[in-house]
Amino acid sequence: MTLKLRIDAAAWRSHIDEIIADVPGLVPVTKGNGYGFGLDRLVAEAQRIDAELLAVGMPTEVALVRDAGWDRDILVLTAWHSFQSDAVELLRDPQVITTVGSLADLAEIAEIAPQARILVEIETSLHRHGLPTSDLTRLTDLWGDFAFEGWTIHLPMVGDQFAEATRLARQALSVRRGQVWVSHLTGEETRRLADDLGCPVRLRVGTKLWLHSPALETTAQVLDIHRIGFNQPVGYWQKRLPRAGWVVVVSGGTTHGVALSVPNMASSARRRVRNLAEQILNATGLARSPFTIAGRQQLFIEPPHMQESLLFVPGRTCPVAVGDQVPVQLRMTTSYFDEVVIE
Ligand SMILES: *Cc1c(COP(=O)(O)O)cnc(C)c1O
């Protein structure tokens, strides 16, 4: 029983190579579930492209990528806190660069690990981590105390990110020169920013590097099929179906990250109307599933089970057979596959 990710190796790698060629000094990012591929596979890919540095999310992921064979520098992206597991020990690791987002944390690091390699994060309109620009001048007292690797700016997905990056980087560089590390700019913007600022700019990329490629195919397997009559109760919750048709049991449940509905950022009015329609559908008891059978996204009979989902496929004949692989749309950053095939 298989929820499967198939990667067309040649196409995927040519996509990755294209992005690497576009952005000199790009920092590949892997964290969490390894963007659906797994940390191991992305470590192997970072080695293939000969990256000097790999970025991870949390301090505990440093050991995980090392177990997967990574032996070069590692940047930890989440702003440092003494209470995070492994965070204090890693300050003393010469291969690890730590991101710090407050004066208090910098002062603490200066005390406990004065040689730590530090990136100082500036608060952006995202308002996640980072020190406010008003704190920049108060950094002066701390400069002597750690190995400064540069400034980091984590940008939102929308808005004028380039203008924001330029403004914040200029403010930071007026306090101290150093590399500027950014996210969510294009390759062209990154080069332009480096020109404008007159210093190296390092772009961290995860999603676009690993996922924005047509080389990926995610499928679920049909495990069982049952004929069901109109109004016949089905499933854990004994729901009655609105028409006669088929219960199609597919691989892929909550364990794999298949959710009843993926919250999405509805940007266009059309999208919002569609979401509303789906909510109405929900009210009737059947929600749209991410599984496609016979060219249509089929309905869930009930919320996904741990490893399987029950779909309702209306009609007299069933368009699939047990064993078939059917397309499934997943959010890769929350997905776990039974099988990853790279060929
Ligand atoms: C996760 C992360 C990235 C990579 O983000 P993508 O949208 O996956 O490219 C870059 N910078 C920071 C600070 C992050 O936490």
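Read-outs: derived from the displayed coordinates by stated rules, not from any lab. Note that this is a predicted model, so its numbers are computed, not measured. A quick note on method: Cβ atoms are made from the backbone with ideal geometry, for glycine too, and the neighbour counts reach across all protein chains shown.
Classify the stretch 86-221 as rounded, prolate or oblate, taking a ≥ b ≥ c as the square roots of the eigenvalues of its Cα gyration tensor: rounded when a/c is under 1.5, otherwise prolate if a/b is larger than b/c and oblate if not. Because a/c hits 1.5 or more and a/b fails to exceed b/c, the stretch 86-221 counts as oblate. Between amide H atoms placed 1.01 Å from N, distances below 5 Å from residue 150 occur with 120, all of them 5 or more places distant or on a separate chain. Using just its DSSP H runs of length 4 or more, each adding -39500 (n - 2.57), the chain gives a mean residue ellipticity at 222 nm of -8000 deg cm²/dmol after division by all residues. When a/c reaches 1.5 or more, the comparison of a/b and b/c decides; with that in mind, is the stretch 52-166 rounded, prolate or oblate per its Cα gyration tensor? The shape class here is oblate.
The modelled label-to-label distance for the pair residue 226/residue 127, using points 7 Å beyond Cα in the direction of Cβ, is 5.0 nm.
Give the value in nm², to one decimal: projected area of the alpha carbon convex hull of the stretch 182-229, averaged over all directions. Display every interim value, and only then the final one.
Numbers: hull surface 24.4 nm².
Over all viewing directions, the stretch 182-229 projects a mean Cα-hull area of 6.1 nm².
Can you tell me the orientation of helix 161-175 relative to the chain, as the angle in degrees between its alpha-carbon axis and the longest Cα principal axis, to the nearest 10? Taking the Cα atoms of the chain, the angle to 161-175 is about 30 degrees. Averaging the Cα positions of each part gives two centres, and for the stretch 1-72 and the stretch 109-180 these lie 26 Å apart.
Remark: the residue 92-residue 234 segment gains 45.3 nm on full extension, using 0.36 nm per residue and subtracting the alpha carbon distance.
So how much slack lies between residue 84 and residue 14, counting 0.36 nm per residue of separation and subtracting their Cα-Cα distance, in nm? Mind showing how you got there, number by number?
On the way: separation 70, 0.36 × 70 = 25.20 nm, distance 3.72 nm.
Extra length available between residue 84 and residue 14 comes to 21.5 nm.
Considering all C-alpha pairs of the chain, those separated by over 25 Å amount to 60%. In terms of packing, defined here as the mean over residues of other Cβ atoms within 10 angstrom, the peptides 82-93, 55-66 line up highest first as 55-66, 82-93.
Specify whether the C-alpha gyration tensor of the stretch 102-141 places it in the rounded, prolate or oblate class, a ≥ b ≥ c being the square roots of the eigenvalues: rounded for a/c under 1.5, otherwise prolate if a/b is larger than b/c and oblate if not. The shape class here is prolate. Whole-percent P(r), the stretch 9-86, all Cα pairs, 10 Å bins from 0: 18, 51, 25, 5, 0.
Based on C-alpha pairs under 8 angstrom that are at least 6 apart in sequence, the chain has a relative contact order of 20 percent.
Available extension along the chain between residue 141 and residue 296 is 49.6 nm, counting 0.36 nm per residue and deducting the alpha carbon span.
In percent, rounded to a whole number, the relative contact order of the stretch 1-128 is 16, using alpha-carbon pairs under 8 Å and six or more apart. Once you have the Kirkwood Rh of the stretch 41-104 from its Cα pairs, apply Stokes-Einstein at 37 °C and 0.692 mPa s and quote D in µm²/s. D = 272 µm²/s.
Given +1 at the Cβ of Lys and Arg, -1 at the Cβ of Asp and Glu and no other charges, the dipole of the chain around its Cα centre is 1760 debye to the nearest 20. Taken one residue at a time, the phi angles of the stretch 299-310 give Karplus couplings (6.51, -1.76, 1.60, θ = phi - 60°) of 8, 6, 6, 7, x, x, 7, 4, 10, 9, 10, 9 Hz. Gly and Pro are set to x.
Along the axis of the charge dipole computed for the chain (Cβ charges of +1 for Lys and Arg, -1 for Asp and Glu, origin at the Cα centre), the listed residues 35, 53, 320 are led at the positive end by 320.
Taking the convex hull of the alpha carbon positions in the stretch 148-247 and averaging its projected area over all directions gives 11.9 nm². Between the amide H of residue 289 and those of 298, 299, 300, distances stay under 5 Å, these residues lying 5 or more places away or on another chain, with hydrogens modeled in the peptide plane. Under 19 Å from a point 7 Å along the Cα-to-Cβ line of residue 336: which residues of the stretch 21-40 have their amide N that close? Counting backbone N atoms under 19 Å from the label point, the list is 31-40.
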